[in-house]
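Novice: Next up is a structure, given as structure tokens.
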Amino acid sequence: MKIPATATSFCPPASILSPGEFLGARLRHTYRPDGSRDWLLIYTTGGSGLYRFPQGEFRSTARDVTIYRSGVFQEYMIAPGAKRWDLLYAHFVPKQDWLPWIAWNQLSPGLYHLTLQDADAARRVTALLREVIRHHRGQAPSRQAFAQNALEKALLWCDSVNPQHTVSQPDPRVRRAADFLISKLNEPFDEEKLGHAAGLSPSRLRHLFRLQMKDSPRAYQEKLRLGRAQELLAMSRQTIGEIALELGFESAFYFTLRFKKHTGESPRAYRQRITRM
């Protein structure tokens, strides 16, 4: 195949992470017969891009994510007729445990595609990829580690809405409710506020939540609190009363009762056993 005059065959050096953003008509027609030595993620935030590959072509629009595996033929450009292609990208070397999260549909061997149909997931992925760029360009000693962590979270959010999974994903409204409970561990359980956060009536939320999470929202929140309590008992010097207060229990006595019912031992016995290990 003849390389177009406006194309580039430049292959960036393999790196742990190299992110960036293109807006409008800035992106050149990119053509790399041998691909790149790392993997390449491209997330379309606006406009439209065109991917060409031996089996055909694909036109991306907002919320489309693609990933090129290393060494795979690459050709992409602003789609004909489109005035712009807004995108976030990241060249990266995946950790071994990331690979199952990229089990997406393949447009071509080694070219993976996912559409983020869930608006909440799309917002989170957009924010996380911008966070990758911000950390990468920063001056903090651990900037690359922070950037990699943000990319890992972005891939996890993509994985959470991947329709290729055989296990069904929770209803987005149930996930919003679960996220709300996670963020409000120290606050009293409020069914009305929870329903508002999820966009459901309290009765409908109770039904869906129990169906998908196998617990009522109230029981789910308590399990989260007690799980966090186990972490604090093992890793902090906070007193049992301080932990109970931080996690929203009405008293240390009530906290101890609930903890013992959940784990089979008192907070004090649990801490003594864990710290001896």
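Novice: Do we find that Leu205 is under 18 Å from the mean Cα position of the chain (by Cα) and over 27 Å from Thr263 (Cα atoms) in this structure?
Specialist: Here the answer is no, as Leu205 does not meet what is asked.
Novice: Next question. Which residue out of Gly49, Gly56 is surrounded by fewer than 17 Cβ atoms within 10 Å (Cβ to Cβ) and either on the phi > 0 side of the Ramachandran plot or of a type outside the set (D, E, K, R) (or both)?
Specialist: Gly56
Novice: Also: Out of curiosity, is Leu155 modelled with pLDDT of 90 or more and out of contact with any Lys or Arg (no Cβ under 8 Å at 6 or more places or on another chain)?
Specialist: yes
Novice: Is it the case, given these coordinates, that Thr66 is farther than 23 Å from Glu152 by Cα, open to solvent by less than 50 Å² (accessible area, probe 1.4 Å) and of a type in the set (S, T, N, Q)?
Specialist: no
Novice: Test Ile78 against the stated conditions and say whether it is among the aliphatic types (A, V, I, L, M), closer than 22 Å to His136 by Cβ and either free of Cβ contacts under 8 Å to residues at least 60 places away in the same chain or open to solvent by 20 Å² or more (accessible area, probe 1.4 Å) (or both).
Specialist: no
Novice: Same structure again: Of Ala90, Ala121, which residue is within 30 Å of Asp171 (Cβ to Cβ), touching a residue at least 60 places away in the same chain (Cβ under 8 Å) and not charged (D, E, K, R)?
Specialist: Ala90
Novice: If Leu40 passes every condition in (1) in contact with a His (Cβ under 7 Å, 6 or more places away or on another chain); (2) open to solvent by 10 Å² or more (accessible area, probe 1.4 Å) but one, which one does it miss?
Specialist: The number of the failed condition is (2).
Novice: Can you tell me which residues in region 229-277 are in a helix (DSSP H, G or I) and among the polar types (S, T, N, Q)?
Specialist: Gln230, Thr256, Thr263, Gln272, Thr275
Novice: Quick one: Ala145 ticks every box in (1) of a type in the set (Gly, Ala, Ser); (2) open to solvent by 30 Å² or more (accessible area, probe 1.4 Å); (3) in contact with a Pro (Cβ under 7 Å, 6 or more places away or on another chain) except a single one, so which number is it?
Specialist: Among (1) of a type in the set (Gly, Ala, Ser); (2) open to solvent by 30 Å² or more (accessible area, probe 1.4 Å); (3) in contact with a Pro (Cβ under 7 Å, 6 or more places away or on another chain), the lone unmet condition for Ala145 is (3).
Novice: Please count how many residues of region 235-273 are open to solvent by less than 40 Å² (accessible area, probe 1.4 Å) and in contact (Cβ under 8 Å) with a residue 40 or more places away in the chain.
Specialist: Matching residues across region 235-273 total 3.
Novice: Being under 30 Å from Asp97 (Cα atoms) and of a type in the set (Gly, Ala, Ser) is true for just one of Ala177, Ala198. Which residue is that?
Specialist: Answer to the check: Ala177.
Novice: Could you pull out the residue among Val93, Val174, Val161 that is farther than 23 Å from Arg26 by Cβ, at pLDDT below 95, out of contact with any Pro (no Cβ under 7 Å at 6 or more places or on another chain) and open to solvent by 60 Å² or more (accessible area, probe 1.4 Å)?
Specialist: None of the others qualify; the one that does is Val93.
Novice: Pull up region 183-202, narrow it to residues that are under 26 Å from the mean Cα position of the chain (by Cα) and small (Gly, Ala, Ser), then point me to the one that is surrounded by the most Cβ atoms within 10 Å (Cβ to Cβ).
Specialist: That would be Ala198.
The values are calculated or read from the model by the stated rules, or taken from the named source; none is laboratory data. This one's a predicted model, so the numbers in the text were calculated from it and none came from an experiment. Cβ: placed from backbone, ideal geometry, glycine included. Neighbour counts: every protein chain shown. Please note that ligands, DNA and RNA were not included when accessible areas were found on the heavy atoms of the full protein model with its side chains. Shrake-Rupley method; radii C 1.70, N 1.55, O 1.52, S 1.80 Å.
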